[in-house]
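The values are calculated or read from the model by the stated rules, or taken from the named source; none is laboratory data. Keep in mind that this is a model prediction, so the values were computed, not measured. Cβ sites come from the backbone with ideal geometry, for glycine too, and all protein chains shown count toward neighbours.
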Amino acid sequence: MNIELVRVEKEQRSVLRQLVELYAYDFSEYDQADVNDHGYFGYDYLDYYWTEPNRHPFFIRVDGKLAGFVLVSDYCSVLQEAHSWSVSEFFVMRKYRRRGIGKQVAAMVFDMFSGKWEVFQHEANVPSYRFWEVVVQAYTGGRFETVDGVVDECGDRGRAFILDSSRE
């Protein structure tokens, strides 16, 4: 199985937008979001991934096929230091889940952007918390911290894992 992270070019924005809709649909069971009058959930920050230098959009490809996406930014709720990174959104399509793909992609992303990381989960998304706990534990060898009661930039409550991907 060949897993790749491929930077999303501006011309591919509509493809990413469609994947974000699938992600938002899955996530709506946790945040109780509704579609708008046009049938879309929408994502207010998507266009910023091509206008702000510290936002990075990636497709996840498995054997050449689209399997999800990762959005990385420097917008952190807990970490307030320069050169900190956040997994803003992380989505692996259902077909590709429970095959180790997400764990491998997370490690690839952490390695790509060396430094401090914050990974936030919505408090109702228990499967996400379990996933990230396993991933961060394996990646760091247990050298991380968990911060509960975090409120993110959207006003959602949850918890965050704080880790350092620097390799000394």
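Can you name every one of the strands (runs of 3 or more DSSP E) wholly within the range 101-168 that holds 1 or more residues which are in contact with a Cys (Cβ under 9 Å, 6 or more places away or on another chain), buried (at least 16 other Cβ atoms within 10 Å of the Cβ) and not hydroxyl-bearing (Ser, Thr, Tyr)?
Correct list: 116-122, 157-164.
Among the aromatic types (Phe, Trp, Tyr) and either touching a Cys at 6+ places or on another chain (Cβ under 8 Å) or under 24 Å from LYS10 (Cα atoms) (or both): does that describe TYR96?
The answer is no for TYR96.
Would you mention how many residues in the range 43-64 are touching a helix residue (DSSP H, G or I) at 6+ places or on another chain (Cβ under 9 Å) and either exposed (fewer than 13 other Cβ atoms within 10 Å of the Cβ) or in a strand (DSSP E or B) (or both)?
Matching residues across the range 43-64 total 7.
Give me a count of the residues in the range 14-42 that are touching a residue at least 24 places away in the same chain (Cβ under 8 Å) and either on the phi > 0 side of the Ramachandran plot or surrounded by 17 or more Cβ atoms within 10 Å (Cβ to Cβ) (or both).
Of the residues in that region, 6 qualify.
In the range 26-75, what residues are small (Gly, Ala, Ser) and farther than 19 Å from ASN125 by Cα?
Of everything in the range 26-75, those that are small (Gly, Ala, Ser) and farther than 19 Å from ASN125 by Cα turn out to be GLY39, GLY42, GLY64, ALA67, SER73.
Among (1) in a loop (DSSP other than H, G, I, E, B); (2) within 22 Å of VAL20 (Cβ to Cβ); (3) free of Cβ contacts under 8 Å to residues at least 12 places away in the same chain, which single condition is GLN80 missing?
Every condition holds for GLN80 apart from (2).
Taking LYS65 as the residue in question, decide whether it is free of Cβ contacts under 8 Å to residues at least 60 places away in the same chain, among the charged types (D, E, K, R) and closer than 19 Å to ALA24 by Cβ.
For LYS65, the condition - free of Cβ contacts under 8 Å to residues at least 60 places away in the same chain, among the charged types (D, E, K, R) and closer than 19 Å to ALA24 by Cβ - is not met.
If you take the residues of the range 102-156 that are over 16 Å from the mean Cα position of the chain (by Cα) and of a type in the set (D, E, K, R), which of them is modelled with the lowest pLDDT?
Among those that are over 16 Å from the mean Cα position of the chain (by Cα) and of a type in the set (D, E, K, R), it is ASP148.
Which members of the range 1-25 meet the condition of being at pLDDT 95 or above, part of a loop (DSSP other than H, G, I, E, B) and touching a strand residue (DSSP E or B) at 6+ places or on another chain (Cβ under 8 Å)?
ASN2, VAL8
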